[in-house]
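Structure record follows, encoded as structure tokens.
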Amino acid sequence: MDYNKWIARELQRLLPKKALITIDRHALIEAWKDGFSEEHIVLTVREGRIQEKKCEWPHKIAFRKYFGKQNQTCLVITRFEKTHIMVKTTWLYQGN
């Protein structure tokens with residue numbers, strides 16, 4: 001299946017800018033250890049770019065956002081459920 005088609009379909013079904021976002025406990029703890037808050041994770045999903053290489057059909061979509069003040073990039077792996085977006089994993093690394 002063409003990645004662009006199924007990703008576009010999922011994004012139309014659950015708009016990241018408006019959808020309810022829930023965060024897995026493991027993802028939240030890892031973000032806190034690295035000095036990032038729940039707000040950074042939500043911003044990454046709502047405003048970040050899609051990382052097609054990390055996406056997997058049928059529901060796994062990855063987002064990436066660079067935070068200039070902290071000079072860190074947040075990569076978030078999400079799972080699009082029927083009624084909400086679940087954040088499963090977060091990675092934080094230095095630079096862009």
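Numerical summary
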{"read-out": "If the convex hull is drawn through the Cα atoms of region 52-96, its volume per residue in Å³", "value": "69"}
{"read-out": "Between 0 and 90°, nearest 10: helix 38-47 axis offset from the chain longest Cα axis", "value": "40"}
{"read-out": "Pairwise label distance in nanometres, GLU39 with LYS82, each label 7 Å out on the Cα-Cβ vector", "value": "3.4"}
{"read-out": "Residue pairs, from the table LYS18/LYS69; LYS5/LYS60; LYS60/LYS82; LYS33/LYS60, whose Cα atoms sit over 22 Å apart", "value": "LYS18/LYS69; LYS33/LYS60"}
{"read-out": "Relative contact order (percent, whole number), the chain, Cα cutoff 8 Å, 6+ residue spacing", "value": "30"}
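Coordinate-derived values only; no laboratory data. Note that the structure is predicted; figures quoted are calculated from it, not measured. Counting neighbours? That spans all protein chains shown, and the Cβs are built from the backbone with ideal geometry, glycine included.
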